[in-house]
Amino acid sequence: MADETSPPTRLNTSVPHPARVYDYWLGGKDNFAADREVAEAVKSASPGVVQGVRDNRAFLGRAVRFLAEEGITQFLDIGTGIPTRGNTHEVAQAVNPAARVVYVDNDPIVMVHARALLRSAPEGRTAYVEADLRDPDAILEHPDTLATLDFGRPIGLVIVGTLMYIKDEDDPFGVVKRYTDALVPGSYLAVSHVTGDFAPESLTAFAEAYNAGSVPLVLRTGAEISRFFEGFELVEPGLAALGEWRPAPDDVPLPADHVHGAYGVVGRKL
Ligand code: SAM
């Protein structure tokens, strides 16, 4: 049996990957030269990116806490990222220790860490599926998904900081609909997504620097991001700049010169 703590052999460290680029910006250690090169190039083109990823992580925490407080006890978190502080199961289980979470990511390095994390999580309440978001059947029908989540009851579908990696030709709207169709009314969808709506020049430079490093990244408008929520009613404040989605009293205030680069949205299935 493979040693679960050593990197998997299919890990290609010479190609930048979003999970590791994001990890570098968050101050993590799970990144390689190719990831750092893209991360630094993007940071030069768009210096607000580090604040932006912190905002994104803070939004994830607030959105999951909100869903748990609304009574959601099951979460499907697609595009998990390398575990860091405030992972979905930790936030949800702080509100309700019985909360169950299925994590999904397509980066094998996330799997290595997820396995380590699962060893410390309560048995049966947290599962990890290595799969591509663009393959809903592989995720929705995976035995670990079905063993952990009950699709007859509401689920919180969390796709935070991830849909921008799905190109238009891969039909992101159709893909997300496959997941939302599998949810019963009363379920929730939480999304964050980069946009050029607030600062077009800075965000275009951000996306161009990202794409130059062979990592696809698509900016979408607020109207486009709202399309993920067909059949959902948005909870207050609706489509909002990330840092303005239900800011918590203990959040670090945004710097005065902060440039918004992403939206946060949470909706409830009708
Ligand atoms: N959701 C976490 C958060 O908000 O802190 C992590 C966001 S990180 C920027 C994006 C994650 O999406 C990465 O871990 C990356 O590996 C994952 N990802 C990108 N494309 C994916 C795909 N097609 N299928 C599954 N995961 C994907």
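The values are calculated or read from the model by the stated rules, or taken from the named source; none is laboratory data. Keep in mind it's a predicted model, so treat the numbers as computed, not measured. Here the Cβ is made from the backbone with ideal geometry for all residues, glycine too, and neighbour counts use every protein chain on show. For accessibility, only protein heavy atoms count, side chains too; no ligands or nucleic acids. Shrake-Rupley method; radii C 1.70, N 1.55, O 1.52, S 1.80 Å.
Run the count for the chain, please: Lys pairs, Cα-Cα under 23 angstrom, 8 or more apart or on different chains. The partial results should precede the final answer.
On the way: Lys29/Lys43; Lys43/Lys167; Lys167/Lys177; Lys177/Lys269.
Taking the chain as the scope, the lysine pair count is 4.
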Listed residues Pro18, Pro253, Pro200, most fluctuating in the chain (Gaussian network, C-alpha, under 10 Å): Pro253
Dipole axis of the chain (+1 Lys, Arg; -1 Asp, Glu on Cβ), positive-most option in Leu163, Val235, Ser46: Val235
Within the chain, longest stretch free of exposed trypsin sites (Lys or Arg not before Pro) [DSSP loop, at most 16 other beta carbons within 10 Å]: 168-270
Whole-angstrom gap from the range 210-250 to the range 56-96, using each part's C-alpha centre: 17 Å
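Magnitude of the Cβ-charge dipole of the chain, K/R +1 and D/E -1, about the Cα centre, nearest 20 debye? Could you put the intermediate results ahead of the total?
On the way: 24 positive and 38 negative charges, 97 e Å.
Roughly 460 debye for the chain.
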Farthest positive-ward along the chain dipole, Cα basis, beta-carbon charges - from His142, Ala212, Ala92: Ala92
Charge-dipole axis of the chain as Lys and Arg at +1 and Asp and Glu at -1 on Cβ define it, positive-most pick from Ala34, Gly261, Pro154: Pro154
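So how strong a dipole does the range 59-126 carry about its Cα centre when Lys and Arg Cβ are +1 and Asp and Glu Cβ are -1, to the nearest 20 debye? Kindly include the intermediate steps, with their values, before the conclusion.
On the way: 7 positive and 7 negative charges, 31 e Å.
For this selection, approximately 140 debye.
Using DSSP, restrict attention to beta bridges with both residues in the chain and report what percent are antiparallel, rounded to the nearest 5.
Beta bridges within the chain, antiparallel portion: roughly 40 percent.
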Prolate/oblate/rounded label for the range 55-149 (Cα gyration tensor, a/c 1.5): rounded
Candidates Gly48, Gly196, Gly28: whichever shows maximal mean-square fluctuation once the chain is modelled as a Gaussian network with Cα springs under 10 Å: Gly28
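Under the definition of Cα pairs under 8 Å and six or more residues apart, what whole-number percent is the relative contact order of the chain? Intermediate values should be presented prior to the final figure.
Working: 492 pairs, mean separation 53.3, N = 270.
It rounds to 20 percent for the chain.
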Rounded percent of accessible protein surface that carbon and sulfur make up, the chain, 1.4 Å probe: 52 percent
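Keeping every protein chain present and rolling a 1.4 Å probe, give me the accessible area per residue for the range 37-137 in Å². Mind dumping the intermediate values first?
Details: 3960 Å² over 101 residues.
That works out to 39 Å² per residue.
Nearest 20 debye, what's the magnitude of the dipole of the range 2-112 about its Cα centre given +1 on Lys and Arg Cβ and -1 on Asp and Glu Cβ?
On the way: 11 positive and 14 negative charges, 49 e Å.
In debye, rounded to 20, the range 2-112 gives about 240.
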Residue of Val15, Val91, Val104 that the Gaussian network model of the chain assigns the largest fluctuation, springs spanning Cα pairs under 10 Å: Val15
